[in-house]
């Protein structure tokens, strides 16, 4: 068993590396509800195709199906991390900016759960900025 210090960073880097290697899926990602909510955001905004939760007895894993890479420049997502396990990065709604001219999303954890940064700005919520994906 491996110990992952930053599970959300691990999830997003696995997705990016699979896109760069022209893979169509990411398998056996350790399960957590927080990861499921991040994957729902990524699916909603078109960064992944779908994901499934697979139960092997007591343990659960996530299998992610990626979109097909046609143009590597446009199809491989870029990820910029802000929060780290040792130092969370909190932002006010006044400091939230658009990501890549509106082509990407910022993932922010608010008191109303996870949401894209532009939605948090509309609702005038502050929270922990986890990452930007564009």
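Bear in mind these aren't lab numbers, they're just calculated from the coordinates by the rules spelled out. Just so you know, these numbers come straight off a predicted model, no measurement behind them. FYI the Cβ positions are ideal-geometry reconstructions off the backbone, even for glycines, and counts take in every protein chain you see.
List of remarks:
- Based on the convex hull around the alpha carbon atoms, region 65-134 presents an average projected area of 5.6 nm².
- Size descriptor for region 1-73, Kirkwood hydrodynamic radius: 12.7 Å (Cα pairs only, one decimal).
- In terms of other Cβ atoms within 10 Å, 24, 110 run from fewest to most in the order 24, 110.
- For the chain, the convex hull spanned by the alpha carbon atoms encloses 112 Å³ per residue.
- Note on 79, 62, 96: ascending count of other Cβ atoms within 10 Å places them as 79, 62, 96, the fewest first.
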